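Below is one structure, written out as structure tokens, with a few remarks after it.
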Amino acid sequence: MGLKPDHWIKKMALEHKMIEPFVDSQVRDGVISYGVSSYGYDIRVTDEFKIFTNINSTTVDPKDFDTKSMIDFKGDVCIIPPNSFALARTVEYFKIPRGVLTVCLGKSTYARCGIIVNVTPFEPEWEGYVTLEISNTTPLPAKIYSNEGIAQVLFFEGDEVCEISYADKKGKYQAQKSIVLPKL
């Protein structure tokens, strides 16, 4: 990055449509912050969730995930049951350039409440809405606020572009438009 990191993110977002919608400053007033930060971008969570339930006493199997274990919910605030999790998606749609890799980490406001956000890296040439896994590690119900910050994406630009991108290998989560459950 020859530019200041926040300027690099703005340039990439505008030239490559890397993040849409793109907020070119940090919004903080009365909300959990989102938008451009010093070295990354704070993403928001939509009002659509899939909340994990154990009413069927199903074994969680990533090779054969029981879709009946998830309850669809839409709202301004999602309550995640104790010691459970929800899947959600970002407000932002990402198009990662071939020479860029990202790492995404949960925001400290949620982490300090025992709420952990897990997201795998966005590989070069991956695009789509990000499916987020939000874990409530506490013995109490936990609130997640829609359309507010949930995690921070950090961008790493390679010295060279990768040999094989996510698009080249026809990745199974390419161009996802909704919350996507595990698949083989």
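Throughout, read-outs are computed from the coordinates displayed, never taken from laboratory work. Bear in mind that the values here come from a model prediction, so they are computed numbers and not experimental data. Neighbour counts are summed over all protein chains in view; Cβ atoms, including those assigned to glycine, are modelled from backbone coordinates with ideal geometry.
Descriptive notes on the structure:
- Each of Ser38, Ala142, Val117 was placed along the dipole of the chain (beta-carbon charges, centred on the mean Cα), and the one lying farthest toward the positive end is Ala142.
- Whole-Å distance, taken between Cα centres, linking the range 2-40 and the range 43-97: 26 Å
- Of the Cα atoms belonging to the chain, the radius of gyration and Dmax stand at 16.8, 54 Å.
- Sparsely packed loop sites in the range 107-145 (the trypsin sites (Lys or Arg not before Pro) outside DSSP H, G, I, E and B with at most 15 other Cβ atoms within 10 Å) comprise Arg112.
- Per DSSP, loop GluC sites (Glu not before Pro) in the range 102-184 with at most 11 further Cβ within 10 Å: Glu160, Glu163
- Total lysine pairs whose alpha carbons fall under 20 Å of each other in the range 11-134 (8 or more apart, or interchain): 5
- Candidates Gly171, His7, Ala86 compared by Cα position along the dipole of the chain: farthest toward the positive end lies Ala86, with charges placed on Cβ.
- Close amide H pairs (under 5 Å, H built 1.01 Å from N) link Val23 with Val36, residues at least 5 positions away or on another chain.
- Estimated translational D of the range 101-184 in µm²/s (Stokes, Kirkwood radius over Cα pairs; 25 °C; 0.890 mPa s): 168 µm²/s
- For the range 1-89, the list of trypsin sites (Lys or Arg not before Pro) that fall in a loop by DSSP and count at most 16 other C-beta atoms within 10 angstrom reads Lys17, Arg28, Lys63.
- 3J(HN,Hα) from dihedral phi, the range 69-75, Karplus parametrisation 6.51/-1.76/1.60, rounded to Hz, x for glycine, proline: 7, 10, 10, 6, 9, 10, x
- With N the number of residues in the range 6-110, Rg(Cα) / (2.2 N^0.38 Å) evaluates to 1.30.
- Sequentially through the range 149-157, phi angles give Karplus couplings (6.51, -1.76, 1.60; θ = phi - 60°) of x, 10, 7, 10, 9, 9, 10, 10, 9 Hz, Gly and Pro residues having no value and appearing as x.
- What the phi angles of the range 35-44 give under the Karplus curve with 6.51, -1.76 and 1.60, with θ = phi - 60°, is a coupling list of x, 5, 10, 3, 10, x, 9, 8, 8, 10 Hz, glycine and proline written as x.
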